[in-house]
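Accompanying notes for the structure given below.
The values are calculated or read from the model by the stated rules, or taken from the named source; none is laboratory data. In this text the structure is predicted, and so the values were computed from the model without any measurement. We place every Cβ from the backbone using ideal geometry, glycine too, and count neighbours over all the protein chains shown.
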Amino acid sequence: MPPYTWLAKQNALFIVGVGLLLTIMVILARGSRVWGFTTQKKTDEELAKDVHEFPGKVSETQRPVPWLIWFVFVAYFLWAVGYVVWNAVFGYP
């Protein structure tokens, strides 16, 4: 049995994982104006009346947090836990 068979599987898993992750991030980024994580739906009129204007023509509204932000937040903590568990099991080279 060749000593480096796991490396090919590891590289394939990495390529597929990164590809899926980037695809999901692009989909969430494109739909972030429409999709949000909220229990109450507001109309565009309700969202437009809560606009705060700042100097330099910068404004903010009370829109729901986009799915992309939630995904990045959750993915960061899952990666951190996985990294700690991986290093606990296999050690750091």
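The table for this structure:
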read-out	value
Considering residues of the stretch 59-77 that are of a type in the set (A, V, I, L, M) and under 11 Å from the mean Cα position of the chain (by Cα) only, the residue modelled with the lowest pLDDT	LEU68
Criterion: part of a helix (DSSP H, G or I), surrounded by 10 or more Cβ atoms within 10 Å (Cβ to Cβ) and modelled with pLDDT under 75 - qualifying residue of LEU20, LEU47	LEU47
Where ARG33 falls short, out of the listed (1) of a type in the set (D, E, K, R); (2) at pLDDT below 75; (3) touching a His at 6+ places or on another chain (Cβ under 7 Å)	(3)
